[in-house]
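K.L.:
The structure that follows is given in the form of structure tokens.
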Amino acid sequence: MSSSSPLLYVISGGDDPGQWRGVFAARFGDALRVAVWPEAVDPAAVDYIAAWSPPAAASFSGFSGLKAVFNLGAGVDKLLARADLDPAVPIIRLQDAGMAPQMVEYALYGVLRHQRDFDLYAADQAEKRWQPRLPRLAADTRVTVLGLGAIGGAVAQALAGLGYAVRGWSRSARSLPGVDCRAGADALLRLLAETEILISVLPSTPETRRLFNADTLGALPAGASFINCARGDQVDEAALLSLLDSGHIRMALLDVFVTEPLPQDSRLWGHPRVVATPHVAASTLPGPAVDQIADGIAALKAGVSPLPGQVDRGRSY
Ligand SMILES: NC(=O)c1ccc[n+]([C@@H]2O[C@H](COP(=O)([O-])OP(=O)(O)OC[C@H]3O[C@@H](n4cnc5c(N)ncnc54)[C@H](OP(=O)(O)O)[C@@H]3O)[C@@H](O)[C@H]2O)c1
């Protein structure tokens, strides 16, 4: 390996950080040197960092030659929370990179569970109760997707393609075929009142933290369901539990939680209206991720601005 090749430092608190050594080597060969935290490096010699959920013990200080930080996922909340990361260094996140189709499947599972009454049949089965219900058409099922970006946009379009009555919500105005798109904070409460299945694919930002509280979840019609495949800090979990207890929320499919792993004493674990999964709705796929990072490095070298997937720190996503 040539010592003149750029040096990429992986700082990851995710599973098996060492895997990235082989994945980057397979893609770049000798054209990139790779080190993986906690391996010691000369910070001044590092050209790029690839990070995911960086451990508190890892430092982002002293990387004086750093050209970019590549986020090994879509959500950059953990990275933006790092006070030791130089704000002048661009953060580039993954855009879809194989996550959108996974998220479509995850959301569809929740939508079908509600629309085709699988939650009610599971309860019937537990009681050995034979109780058929008339199925409802997708076209009569109002699904709202909050967040219409690289992943949420794919979810909204896939559900619309299956015939669901899909509404979408974003910060700025968007137009997606087959989706009734709304934008801006002022549009939210009215939209919630029209929603039967609510899906969050929003980033975690100061505006979206605790967005799902007694007021907003309470604005859903009685018997609505909630799917959160975005970030746990968007939810006031006490308010959600109370609305689940009362039956106002019929079913919640939750992939993300305020505290992860979900604490043993959380009532969400055993609530009969909750399906909980361990932050697996859409996982980073190493191959597509590294391909996208290679494109990012090429764009950096070509002086492209803004870079594809570059995070706008002012918006926090
Ligand atoms: N659980 C998992 O396994 C998993 C996996 C991957 C991603 N995620 C989560 O999914 C999130 C979305 O990913 P993405 O790649 O689709 O993000 P993205 O491309 O950045 O899209 C974000 C979308 O949210 C909208 N938005 C942001 N703030 C808003 C606000 N205050 N009000 C209304 N809309 C707002 C944006 O509006 P504009 O269109 O106007 O910009 C955009 O449509 C990630 O940030 C991550 O938290 C979770």
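K.L.:
Just rank THR277, THR144, THR216, THR195, fewest to most, by other beta-carbon atoms within 10 angstrom.
P.N.:
THR277, THR216, THR195, THR144
K.L.:
Which shape class applies to segment 99-276: rounded if a/c is under 1.5, otherwise prolate when a/b exceeds b/c and oblate if not, where a ≥ b ≥ c are the square roots of the Cα gyration tensor eigenvalues?
P.N.:
Since a/c reaches 1.5 but b/c is at least a/b, the shape of segment 99-276 is classed as oblate.
K.L.:
Hey, if you drop one equal point scatterer on each alpha-carbon of segment 1-60 and run the Debye formula without solvent, what base-10 log of I(q)/I(0) do you get at q = 0.16, 0.18, 0.20, 0.24 Å⁻¹?
P.N.:
With no solvent term, the Cα-only Debye profile gives -0.46, -0.58, -0.71, -1.00.
K.L.:
With unit charges on the beta carbons (Lys and Arg positive, Asp and Glu negative) and the dipole taken about the Cα centre of the chain, which residue among PRO132, VAL23, HIS271 sits farthest to the positive side?
P.N.:
PRO132
K.L.:
Continuing with this model, one more query. Give the residue from GLY287, SER172, SER61 lying farthest towards the positive end of the charge dipole for the chain; charges sit on Cβ (+1 for Lys and Arg, -1 for Asp and Glu) and the dipole is referred to the Cα centre.
P.N.:
SER172
K.L.:
Let me ask something additional. Determine the dipole magnitude for the chain: charges of +1 sit on the beta-carbon of Lys and Arg, -1 on that of Asp and Glu, nothing else is charged, the reference point is the Cα centre, and the result goes in debye to the nearest 20.
P.N.:
On the way: 28 positive and 32 negative charges, 117 e Å.
Using Cβ point charges on Lys, Arg, Asp and Glu, the chain gives about 560 debye.
K.L.:
Could I have the simple spin-label model distance between LYS78 and ALA126, label points 7 Å from Cα toward Cβ, reported in nm to one decimal?
P.N.:
Going by the 7 Å Cα→Cβ label model, 3.2 nm.
K.L.:
Report the normalised scattering of the chain as log10 I(q)/I(0) at q = 0.07, 0.08, 0.10, 0.13 Å⁻¹, calculated by the Debye formula with identical scatterers on the alpha carbons.
P.N.:
Each listed q corresponds, in turn, to -0.32, -0.41, -0.62, -0.96.
K.L.:
Something else now. Residues with amide H under 5 Å of VAL36's amide H, sequence separation 5 or more or different chain, H placed in the peptide plane at 1.01 Å from N; which?
P.N.:
Sorted by chain and number, the residues that satisfy this are VAL10.
K.L.:
Report the relative contact order of the chain, percent, no decimals, based on alpha-carbon pairs under 8 angstrom and at least 6 residues apart.
P.N.:
Values: 583 pairs, mean separation 48.1, N = 317.
The normalised contact order for the chain reaches 15 percent.
K.L.:
Charges at C-beta only: +1 for Lys and Arg, -1 for Asp and Glu. How large is the resulting dipole of segment 1-135 about its Cα centre, in Debye rounded to 20?
P.N.:
300 debye
K.L.:
What is the order of HIS114, HIS271, fewest Cβ neighbours within 10 Å to most?
P.N.:
Ranking HIS114, HIS271 by Cβ neighbours within 10 Å, fewest first, gives HIS271, HIS114.
K.L.:
Starting at the first residue of segment 194-211, write each ³J(HN,Hα) from the Karplus equation 6.51 cos²θ - 1.76 cosθ + 1.60 with θ = phi - 60°, in whole Hz, x for Gly and Pro.
P.N.:
9, 9, 9, 10, 9, 10, 9, 10, 8, x, 7, 9, x, 6, 9, 5, 6, 5
K.L.:
For segment 73-134, run through the chymotrypsin sites (Phe, Trp or Tyr not before Pro) and keep only the ones in DSSP coil with at most 13 other Cβ atoms within 10 Å of their Cβ.
P.N.:
TRP130
K.L.:
Under the rule of -39500 (n - 2.57) per DSSP H run of 4 or more residues, summed and divided by the residues of the chain, what mean residue ellipticity at 222 nm is obtained, to the nearest 500 deg cm²/dmol?
P.N.:
After summing the helix terms and dividing by the residues of the chain, the value is -8000 deg cm²/dmol.
K.L.:
Turning to a different aspect of this structure: List the residues whose amide H sits under 5 Å from the amide H of LEU253, counting only those 5 or more places along or on another chain, with H placed 1.01 Å from N in the peptide plane.
P.N.:
Those qualifying (amide H under 5 Å, at least 5 residues apart or on another chain) are PHE226, ILE227, ASN228, VAL275.
K.L.:
How much of the DSSP bridge set in the chain is antiparallel, in percent, rounded to the nearest 5?
P.N.:
Numbers: 2 of 43 bridges.
Here the antiparallel bridges make up roughly 5 percent for the chain.
Where a number appears in this text, it was derived from the coordinates with a stated rule and is not lab data. These numbers come from a predicted model, not from an experiment. Cβ atoms come from the backbone with ideal geometry, glycine included; neighbour counts cover every protein chain shown.
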